[in-house]
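The values are calculated or read from the model by the stated rules, or taken from the named source; none is laboratory data. Because the structure is predicted, anything quoted here is derived from the model rather than measured. Backbone-built Cβ (ideal geometry, glycine too); neighbour counts: all protein chains shown. The area values use the complete protein model at the heavy-atom level, side chains included, leaving out ligands, DNA and RNA. Shrake-Rupley method; radii C 1.70, N 1.55, O 1.52, S 1.80 Å.
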Amino acid sequence: MAYVRAKALKDGPYEVAGGAKILDYTGKEYAESAIDPLYLCRCGASKNKPFCDGSHEDIDFKADETVK
């Protein structure tokens with residue numbers, strides 16, 4: 001069985017691998033869902049939300065969550 005994996009990257013986006021489908025609020029699938037892995041914004045600055053466009057580097061986003 002294949003699993004979808006979501007990984008928080010240090011000071012960056014979520015990396016989602018394994019064939020996840022990303023849908024908007026109406027249920028329509030984003031074309032980018034065909035890309036594997038996907039990178040989802042978590043800094044809030046992306047101009048291509050919900051996907052990462054690298055803006056976290058411009059705003060010096062810091063998020064290094066680790067499992068406790």
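Just the residues that are of a type outside the set (Gly, Ala, Ser) and closer than 13 Å to LEU23 by Cβ, please, taken from the range 33-47.
LEU38, LEU40, listed by residue number.
Residues to consider are ASP60, ASP53; find the one that is open to solvent by 90 Å² or more (accessible area, probe 1.4 Å) and of a type outside the set (Phe, Trp, Tyr).
Answer to the check: ASP60.
I need every pair where a residue in the range 18-47 that is without any contact (Cβ under 8 Å) to a residue 24 or more places away in the chain has its Cβ under 7 Å from the Cβ of a residue that is small (Gly, Ala, Ser) and open to solvent by 30 Å² or more (accessible area, probe 1.4 Å), sequence separation at least 6 or different chains.
Sorted first by the residue in the range 18-47, then by its partner, the pairs are GLY18/ALA2; GLY19/ALA2; ASP36/GLY19.
Going through the range 9-68 one residue at a time, which ones are of a type in the set (Phe, Trp, Tyr) and assigned to a strand (DSSP E or B)?
Residues satisfying the conditions are TYR14, TYR39, PHE51.
Looking only at the range 25-47, count every residue that is at pLDDT 95 or above, more than 14 Å from TYR14 (Cβ to Cβ) and surrounded by 10 or more Cβ atoms within 10 Å (Cβ to Cβ) and tell me the total.
Here the count works out to 3.
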